[in-house]
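Scroll down for the structure; my scribbles are underneath it.
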Amino acid sequence: MVMHPSILLIEDSPGECELFRLALAQTGLDVVLYTQHDADAALHFLNDRYHQSSIQACSYPLQEGGLNRSPTARTISPAQPSADISPTHPPAARQPFTRDAPFPEGAHSDRASSASTGDRSGLPSLILLDLKLGRRNGCDFLIRLRADARLAAIPVVVFTTSDDQTDLASCYANGANGYVVKPGTFEQLVQCASDIGRYWIDRNVTPYPIGLRC
């Protein structure tokens with residue numbers, strides 16, 4: 001068994017969740033994408049994942065050295081889109097997007113919050129966090145996540161339209177590992193998703209097993 005990488009995207013706009021899903025499919029990264037639309041739902045999701053992974057821990061011993069992550073556990077498969085992504089056509093290049101913009105050609109409006117096959121328990125490899133989440137903002141989520149010792153080591157990258165220095169400082173002060181301003185075109189979003197994924201999924205090493213057993 002290996003740990004299959006996954007990303008949890010916390011974003012209150014279904015349209016932007018779908019755009020990121022489509023962009024991630026274009027990167028060739030072999031990663032499962034989960035989406036949650038508010039902080040409370042995301043924390044419930046993480047608690048459930050932690051509980052399931054704890055139950056299964058006895059069945060999957062750690063590899064030598066204490067890290068359940070071999071050199072092949074997080075390989076990139078350029079020809080294989082994510083198991084949780086199913087675009088029908090490549091999106092048009094350099095198409096701008098906003099919360100009110102239409103989807104690129106080939107986008108679909110239905111969305112799944114998890115992969116439908118295989119053993120999908122376990123904590124995500126990375127959390128992408130929108131800063132503006134309606135009643136609660138991203139910093140509130142960060143505070144609550146970092147206060148929970150079970151979940152505190154999960155890397156969190158704030159993914160937002162805000163380039164305000166106050167927001168930037170507040171996110172890092174509350175435990176963000178990174179801060180990325182959303183790009184303005186779909187082509188740039190694909191590149192951004194690739195850059196984020198290839199570092200945090202393929203390069204970054206976590207202090208305990210994070211990901212999906214498969």
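The values are calculated or read from the model by the stated rules, or taken from the named source; none is laboratory data. Quick caveat, the model's predicted, so the values are computed rather than measured. Note that each Cβ is placed from the backbone with ideal geometry, even for glycine, and that neighbours are counted across all protein chains shown.
Taking the criterion of being surrounded by fewer than 18 Cβ atoms within 10 Å (Cβ to Cβ), assigned to a helix (DSSP H, G or I) and touching a residue at least 12 places away in the same chain (Cβ under 8 Å), the only residue of the stretch 145-166 that qualifies is 146.
Evaluate the stretch 200-210: report whether one residue or more is free of Cβ contacts under 8 Å to residues at least 12 places away in the same chain, within 27 Å of residue 4 (Cβ to Cβ), surrounded by fewer than 18 Cβ atoms within 10 Å (Cβ to Cβ) and under 16 Å from the mean Cα position of the chain (by Cα). I'd like the intermediate steps shown before the answer.
Taking the stretch 200-210 and keeping what is free of Cβ contacts under 8 Å to residues at least 12 places away in the same chain, we get 203.
Right, trim to within 27 Å of residue 4 (Cβ to Cβ) and you get 203.
Those still in the list that are surrounded by fewer than 18 Cβ atoms within 10 Å (Cβ to Cβ) too: 203.
The next check asks that each one be under 16 Å from the mean Cα position of the chain (by Cα); those that pass are 203.
The answer is yes; a qualifying residue exists.
Go through (1) outside any helix (DSSP H, G or I); (2) surrounded by fewer than 20 Cβ atoms within 10 Å (Cβ to Cβ); (3) modelled with pLDDT of 95 or more for residue 188 and report which single condition fails. If we test residue 188 against (1) outside any helix (DSSP H, G or I); (2) surrounded by fewer than 20 Cβ atoms within 10 Å (Cβ to Cβ); (3) modelled with pLDDT of 95 or more, just (1) comes out false. Scanning the stretch 167-187 for residues that are more than 22 Å from residue 37 (Cβ to Cβ) and touching a residue at least 60 places away in the same chain (Cβ under 8 Å) turns up 184, 185, 187.
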